[in-house]
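The values are calculated or read from the model by the stated rules, or taken from the named source; none is laboratory data. Not measured: the values here are computed from a predicted model. Because the Cβ atoms are built from the backbone with ideal geometry, glycine has one as well, and the counts that use them run over all protein chains shown. All accessible areas refer to the heavy atoms of the entire protein, side chains included, with ligands and DNA or RNA removed. Shrake-Rupley method; radii C 1.70, N 1.55, O 1.52, S 1.80 Å.
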Amino acid sequence: MPNQIPIETGNYYHIYNHSNGKENIFFKDENYRYFLQKFKEYISPITDTFGYCLMPNHFHFLVRFKEDLEIFNWLKEQGKIPDESLTLTALKALSANNNNPLNLHISKQFSRFFSGYAMAINKQEGRMGNLFIRQFKRKKITSEKQLCDTLIYIHNNPVHHGFTENAALWKHSSYNSILCTSPTILLRDEVITWFEDRENFIFCHNKYADVLIDE
């Protein structure tokens, strides 16, 4: 199952999750914006982000987890590793079974991200309980073709679900952000190189709009 795959830092992942049950997770336009703000606060410091799509009851992100040392240094700066004398090597030496101890911190960042957003929505909607499925899902990406296919799938998700006829018309995805020049957390230049240029990015999203991937 995707949610059982351990995270390997320095690698690309398709991350996705949906609501707990049949509820929505986004109710107003401002909810989509707030969700991205929380993502930027909690997840951007430990990942490079290449794409996303937010749907009424689920979401998708395409990210690359940063290397161990960069994540470790950020965690120390934030006081999440309180022992200032502790090094990354020493931290890893304390870990049992050769597991990467940073995985626990990465999971905690996602937990803070989801719980922070859920608390705001519960207050807004007068609801209680979990908003998301408890364990977010992820799938490791191992080739440039898989990167392209996954991004095309993510951007065309609203088309697959009947919300729009074209990926460019859905305002809660990274499709148009990649093509514009306004400030963004996205590594848009790197994305365009996957498709060679902007024109082919658009062409592939239209031609292969029906591409499906195994979630």
Expressed as a percent, the portion of alpha-carbon pairs in the stretch 166-215 spaced more than 17 Å apart is 39
Regression test value, accessible area per residue of the chain, probe 1.4 Å, units Å², expected 53
Between Arg198 and Lys40, the two model label points (7 Å from Cα along the beta-carbon direction) sit apart by a distance in nm of 2.2
What helix-only [θ] at 222 nm does the chain give? Using -39500 (n - 2.57) per DSSP H run of at least 4, over all residues, to the nearest 500, the answer is -13000 deg cm²/dmol
Set Lys28/Lys137; Lys22/Lys108; Lys28/Lys66; Lys38/Lys207, cut-off 27 Å on Cα-Cα distance; pairs above it are Lys28/Lys66; Lys38/Lys207
Taking only the alpha carbons of the stretch 110-163, the radius of gyration and the largest Cα-Cα distance, Dmax, both in angstrom, are 15.6, 44
At q = 0.13, 0.23 Å⁻¹, the log10 of I(q)/I(0) for the stretch 85-197 from a Debye sum over equal Cα scatterers comes to -0.84, -1.23
Computed over the chain, the relative contact order (Cα-Cα under 8 Å, seq sep at least six) in percent reads 29
Packing-ranked peptide list from 81-94, 164-177, highest mean Cβ count within 10 angstrom first, is 164-177, 81-94
Expressed in angstrom and rounded, the centroid-to-centroid distance over alpha carbons for the stretch 130-165 and the stretch 6-30 is 9
Rounded to the nearest 10, the angle in degrees between the Cα long axis of helix 68-77 and the longest principal axis of the Cα atoms of the chain comes to 70
Its Cα gyration tensor gives the stretch 56-95 an equivalent ellipsoid whose semi-axes in whole Å, largest first, are 28, 12, 10
Rounded to the nearest 10 degrees, the helix 198-207 long axis (Cα) sits at an angle to the longest Cα principal axis of the chain of 70
Cβ-Cβ cut-off under 12 Å around Pro158, Lys and Arg +1, Asp and Glu -1: the net charge is 0
Share (percent) of C-alpha pair distances in the stretch 68-143 greater than 21 Å works out to 46
Given 148-161, 40-53, 126-139, the highest-first ranking by average Cβ count within 10 Å works out to 148-161, 40-53, 126-139
Along the dipole axis of the chain (charges at Cβ: +1 for Lys and Arg, -1 for Asp and Glu; origin at the Cα centre), the most positive-end residue among His155, Phe50, Ile15 is Ile15
Helix 29-42 sits off the longest principal axis of the Cα atoms of the chain, rounded to the nearest 10 on a 0 to 90 degree scale, by 30
Within the under-12-Å Cβ sphere about Ser107, not counting Ser107, Lys/Arg +1 and Asp/Glu -1 give a net charge of +4
Along the stretch 55-64, Karplus-curve 3J(HN,Hα) (6.51, -1.76, 1.60; θ = phi - 60°) to the nearest Hz, with x for Gly and Pro, reads 10, x, 10, 7, 8, 9, 9, 10, 9, 10
What the Cα atoms of the stretch 1-64 span along the principal axes, largest first and in whole Å, is 34, 26, 16
Measuring from its Cα centre, the stretch 104-165 shows a charge dipole (+1 at each Lys and Arg Cβ, -1 at each Asp and Glu Cβ) which, in debye to the nearest 20, is 440
